[in-house]
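So the structure is just underneath, and the comments pick up after that.
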Amino acid sequence: MTSLAGLSCPGCGSSNIVDDDLYSQAQLVCADCGFVVSEGVLADEPVRGLDISYSRTTAVTKRPCVNLIRGLERVKEISRILRLRGEVEDLALTYFKQAYEHESFIRVSLQRKEVLAGCCVLVSCRQLNWPITVGTVGCLLNADPTLVGGVYQEMLKVLNVEAPTVNITDVIEAHCQEYKISSSDVPEEFAEESKDLTKRAVALVELAADSWIVTGRRPLPIMMAAVYLAWQSLKPLKHRLSFSLDKFCQLAKVQKHKPAVTRITELKEALCKLGKEIPWVGESVTPGNVVQQVGDILEHRYALLRRALRTHEDAMQAECRSSSVNPPSEEMVSSQISERVAQTASSVEQLPLSNEGGKQAVEEHSQEFEPNWGKRVLFAPPCVSHAKRRRVEQPTPDVTGDEEISDSEIDSYIRSPREVREFSQTQKILASSSGGKSQ
Amino acid sequence: MDSSGDEALDIIITNVVATFRTRCHLNLRTIALEGTNVIYKPEDGKVLMKLRKPKITASIWSSGKIICTGATSEDEAKLGARRLARCLQKLGFKVNFSAFKVVNVLAVCSMPFAVHLIDFTKNNRPIASYEPELHPAAMYRIKTLKATVQVFSTGSLTVTGPNVQNVAAAVEHIYPLLFECQKPKPLCK
């Protein structure tokens, strides 16, 4: 209660007017007779909401945050679109509630909160063996996959959970269903049953995984390449073979991914390596005509692989015997042909390189061997087989860090007084001329 | 510098970041005016100075704190820092070269074999993490050495750590883990 000078009560004339708010309504009252001198108008209350932010009011405890409810609804929505099991949805909701309260996510933009909802669904799908890709979540949220990735990593840290990596063979079935090329969507000569297409695409993806095409790459373009080749090879007639990837994507009503073109080339190369070993094919197998053989190649995949490894090894041994070996280093090519069907990597080689001194630059010996180990094995990651040429670093002279620094060296970094004067004069001229121009 | 004779792997140091203090206030305008190879960045409150030999870029703040990047060895970083300090001395500042510390070392290394990243991540969870859709390499953080290794499927590694010794130790640490993930694991089905 405060006394206000300069006011007198109309009822009794005293000047003892105090501020006595009634139920938060401002009122000036005479302390002697109780006359209400003036009242605050309720209409003066802030119209656009409270002056205090929501998080500092007591409403937080009475009613949960609107955005939290909205976020939970979004999680349920996404789960329904993806047709997830009940337990996956529940886990996602739990994670969302947990993550939302954390300081990294409580005061961020609404878009980020929406992305968080998608990421919770993603992590619970992965943990409960229902694989979906980050790309799918990005599409559903209409958000940049990089943003989704960033929020996902942060969320994993906040929740302190792990999620198994998605295996591409699990995702491909769902991916194949996106392609609209059943007999109800397209003319008969282009149609394929989803079942057959999936089966062949899975076999192609497994082959790609074994030949180092999958590791380290984005899964979506590989899947697209596999589906395209599967579709072509199921009925390798001229009208399908002449279809480019662009036209195929238009036909199937999916969006083309540019890297898929490179993946198609890489897959065809891998198929050719196996196709060469087919005994009943007379002509040479090239990327141009390999699509017709894909069916046979996939059916007899493992046998062809064994033959290819054996041929490759024989070729390597022949090369070793005929070429001259470098004196300072020895090469031992030890081969292991695995009887087990699934092992697919080729010969293991030990190269004990002799290393002299403490050079920091790339040594000449290793320079020779480094790009070649990719060519020595039958299948290697494409970046290794077509390695970029590295700049040869000039070996820096031995530096100790405590050497003498000569004056002349330092002077080269300092302008002479004349240069300084000229420089500052030029700056002034430039400043004044640009100032004049901008007027 | 190689890690250990028996492995005979070439670890190439590509960047060394070091900091030091001059223990005196520096007038950035003077440095920008009287120094060659200098870029003044008033919006960041710093000056960039580039040395030719060793090839180093230094960020200089008016408080006297300086960060040097671009060196290819710890000794080179020290030499570059001292050269810079001498340069500032000649410009008239009462420089006292102190608190030199190598803060970060970045090195690359190449294995003579390819690495199957999914197997590698499975074997080394949760220290290793791999998201093919986001980044092509698997990330392996060694807490004890405070080093991070990025493993690519081609067998290339990029290692970052607080000093060259840690970086070499990190490569030694991770080599056996990578060696056993060369071949894709047989299918268990």
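Worth pointing out:
- Net lengthening on full extension, A:ASP21/A:GLU299 (0.36 nm per residue, minus Cα-Cα): 91.2 nm
- Measuring against 20 Å, Cα to Cα, the residue pairs B:LYS65/B:LYS90; A:LYS256/A:LYS276; A:LYS235/A:LYS268; A:LYS199/A:LYS268 contain A:LYS256/A:LYS276 as the ones spanning a longer distance.
- Karplus-derived HN-Hα couplings along region A:289-302 (A = 6.51, B = -1.76, C = 1.60, θ = phi - 60°), whole Hz, x at Gly and Pro: 10, 6, 4, 5, 8, 4, x, 5, 4, 5, 5, 10, 3, 6
- Taking the three principal axes of the alpha carbon atoms in region A:66-166, the coordinate ranges are 31, 26, 24 Å, sorted in descending order.
- Contour excess over end-to-end distance, with Cα ends at A:VAL254 and A:GLU319 and 0.36 nm allotted per residue: 18.7 nm
- Compared with the direct C-alpha span, the chain from A:GLU269 to A:ILE106 gains 53.6 nm at full extension, assuming 0.36 nm per residue.
- Principal axis extents of the C-alpha atoms in chain B (largest first, rounded to whole Å): 74, 37, 27.
- Using the alpha carbons alone, the radius of gyration of region B:111-183 stands to its Kirkwood radius in an Rg to Rh ratio of 0.94.
- Across region A:209-223, rounded Karplus estimates of 3J(HN,Hα) from the backbone phi angles (6.51 cos²θ - 1.76 cosθ + 1.60, θ = phi - 60°) give 5, 6, 9, 6, 8, 8, 4, x, 9, 5, x, 4, x, 5, 5 Hz, Gly and Pro being marked x.
- Based on the Stokes-Einstein relation at 4 °C and a viscosity of 1.567 mPa s, and on the Kirkwood radius from alpha carbon pairs, region A:111-153 is assigned a translational diffusion coefficient of 130 µm²/s.
- With each label modelled as a point 7 angstrom along the Cα→C-beta vector, the A:ARG306-A:SER432 pair spans 9.0 nm.
- Calculated FRET efficiency for the pair B:HIS173/A:GLU409, C-beta based, R₀ 35 Å, to 0.05: 0.30
- Under 5 Å between amide hydrogens, built in the peptide plane, is the criterion, and for A:VAL37 it picks out A:LEU28, A:VAL29, A:CYS30 among residues at least 5 positions away or on other chains.
- Relative contact order computed over chain B (Cα-Cα under 8 Å; 6+ residues apart), in percent: 21
- Assigned charges on the beta-carbon of Lys, Arg, Asp, Glu; chain B dipole about Cα centre (debye): 1020
- Share, in percent, of DSSP beta bridges within chain B that are antiparallel, nearest 5: 100
- Sequence-ordered 3J(HN,Hα) estimates for region A:405-411 from the Karplus curve with 6.51, -1.76 and 1.60 and θ = phi - 60° stand at 10, 7, 5, 5, 4, 5, 4 Hz, glycine and proline given as x.
- P(r), alpha carbons of region B:17-103 - 10 Å bins starting at zero, rounded %: 19, 58, 22, 0
- Nitroxide proxy distance, nm - points 7 Å out along Cα→Cβ at A:SER14 and B:ASN37: 8.6
- 5 Å-binned pair-distance histogram of region A:114-224 (Cα, whole percent): 2, 11, 18, 19, 18, 14, 10, 5, 2, 1, 0
Only the coordinates and a few stated rules stand behind these numbers; no lab work does. All of these numbers come straight from a predicted model, not from anything done at the bench. With ideal geometry, Cβ positions are generated from the backbone for all residues, glycine too; neighbour counts draw on all protein chains shown.
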